[in-house]
1. Using +1 at the C-beta of Lys and Arg and -1 at the C-beta of Asp and Glu, which of Ala82, Tyr31, Leu99 has the Cα lying farthest in the positive direction of the dipole of the chain?
2. For Lys113 paired with Lys68, estimate the spin-label separation in nm (one decimal), with each label point 7 Å from Cα along the Cα-to-Cβ line.
3. Can you list the lysines whose alpha carbon is less than 19 Å from that of Lys87, not counting same-chain residues fewer than 8 positions off?
4. Rank the residues Phe130, Phe137 as a footprinting-exposure proxy: fewest other Cβ atoms within 10 Å of their Cβ go first.
5. Hey, which of these cross-link pairs are over 20 Å Cα-Cα: Lys113/Lys134; Lys80/Lys126; Lys80/Lys113?
6. Quick check: the angle from helix 35-50's long axis to the longest principal axis of the chain, C-alpha only, nearest 10 degrees?
7. Out of these labelled values of Rg/Rh (Cα atoms, Kirkwood Rh), (1) 0.94; (2) 0.97; (3) 1.06, which was calculated from the coordinates shown here?
8. Once you charge only the Cβ atoms, +1 for Lys and Arg and -1 for Asp and Glu, what is the size of the charge dipole of the chain about its Cα centre, to the nearest 20 debye?
Amino acid sequence: MVLGESVTGMGFSNVGLGIDHSMAHTLSAYYNMPHGKACATLLPTVMEYNADATGEKYREIARVMGVKGVDEMSQDEYRKAACDAVKQLAADVGIDCSLKGIVPESDLDALTKDALKDACAPGNPKDATFDDVKNMFLSLM
């Protein structure tokens, strides 16, 4: 486990993790939500936000997630299929991709500011503005 964690840490150090992790860090810090759960809760929404900046990467995600007919899909279709498959996986393992009852709207500005200051934010496939991040949080409430 230590070797696996070390190799993972080296990988994380060499790439940016993106806004999903930035937003998840703030949820974990503010609400004591486990980081993995926070990442999983946010991931489908963040994937949808990032979709137009991912080239063909979502085709491979859809394929690995078991989506059938990926090669016959348009880019928009396989991007949506990848997001839907990740959302379904979260549901299958009991992750509710919602922040209802967890995040009060009065905290959104602070959460958003902290997420944008997080070290992982610059690794996102596209630049996220304050309004982008706040709207992603809002969409889950």
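Every number here is computed from the coordinates shown, using simple stated rules; none is lab data. Everything numeric here is computed off the predicted structure, so don't read it as measured data. Heads up, the Cβs are rebuilt from the backbone with ideal geometry, glycines too, and the neighbour counts pull from every protein chain shown.
1. Of the options given, the answer is Tyr31.
2. Each label point lies 7 Å from its Cα, and together they span 5.1 nm.
3. Lys37, Lys57, Lys68, Lys100
4. Phe130, Phe137
5. Exceeds cut-off: Lys80/Lys113.
6. So the inclination is approximately 60 degrees.
7. (2)
8. That gives a dipole near 220 debye.
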